[in-house]
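The structure under discussion appears below in the form of structure tokens.
The values are calculated or read from the model by the stated rules, or taken from the named source; none is laboratory data. Computed from a prediction, not measured in an experiment: that's the story for all the values here. Glycine gets a Cβ as well: all are built from the backbone with ideal geometry, and neighbour counts include every protein chain shown.
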Amino acid sequence: MRSLPIRALATAMSGAAACTGANAGAMSGEPGLLITEIAAAGTPHDWVEVKNISERWLDLVDFVVVDARDDLDRARPLGAVKLAPGERYIRVLTDATVGFRLAGDEELWIYRAADGALVDGVDWDQGASPPGGSYARRGDTGMFVTVARDTRGRANPE
Ligand SMILES: [Ca+2]
Ligand SMILES: [Ca+2]
């Protein structure tokens with residue numbers, strides 16, 4: 001009976017051992033990236049705000065974004081910039097940039113490109129992200145709530 005946990009541990013370790021080389025940093029520990037705010041009725045374009053909540057630099061080419069959960073075939077690169085710890089990035093979402101826009105009742109998901117691990121996601125209802133406003137995490141890391149005025153590129157209200 002004791003062999004079961006040992007085997008499970010060995011499997012986990014072999015999985016970790018696969019994460020070497022250039023992607024070792026990106027694959028170790030938590031992804032460290034959060035969706036902090038979305039504007040599904042953005043002007044002139046919809047957008048998503050993400051934030052590096054880790055204590056290391058993150059390269060956004062290591063992440064992909066899509067508007068349907070687990071539809072990794074359609075996922076597109078999140079960006080081509082590096083974010084310092086605590087830094088934010090606005091990704092404009094258009095047919096040209098990512099192949100989709102945000103609808104009034106929709107969802108948005110970010111995955112790690114290297115292994116398809118889910119990084120963060122948000123699903124909202126009609127009216128949750130009104131024109132001029134957004135759907136934003138309280139204080140950047142809390143629950144998503146509807147706000148009447150967006151804080152694009154700035155800290156979210158508590
Ligand atoms: Ca929805
Ligand atoms: Ca914000």
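General observations
- Taken as a whole, the structure leaves residue 70 outside the set of residues that are more than 18 Å from residue 43 (Cβ to Cβ) and in contact with a Cys (Cβ under 9 Å, 6 or more places away or on another chain).
- In this structure, residue 57 does satisfy being assigned by TED's automatic domain parsing to the domain that holds residue 136, more than 15 Å from residue 119 (Cα to Cα) and surrounded by fewer than 14 Cβ atoms within 10 Å (Cβ to Cβ).
- Residue count for region 121-143 satisfying the condition of being within 16 Å of ligand 1 (Cβ to nearest atom) and out of contact with any Ser or Thr (no Cβ under 9 Å at 6 or more places or on another chain): 6.
- Meets criteria (closer than 22 Å to residue 154 by Cβ, within 16 Å of ligand 1 (Cβ to nearest atom) and in a strand (DSSP E or B)) for residue 48: yes
- Subset of region 108-143 [under 25 Å from residue 75 (Cα atoms) and either touching a Cys at 6+ places or on another chain (Cβ under 7 Å) or within 12 Å of ligand 2 (Cβ to nearest atom) (or both)]: 134, 135, 136, 137, 140, 141
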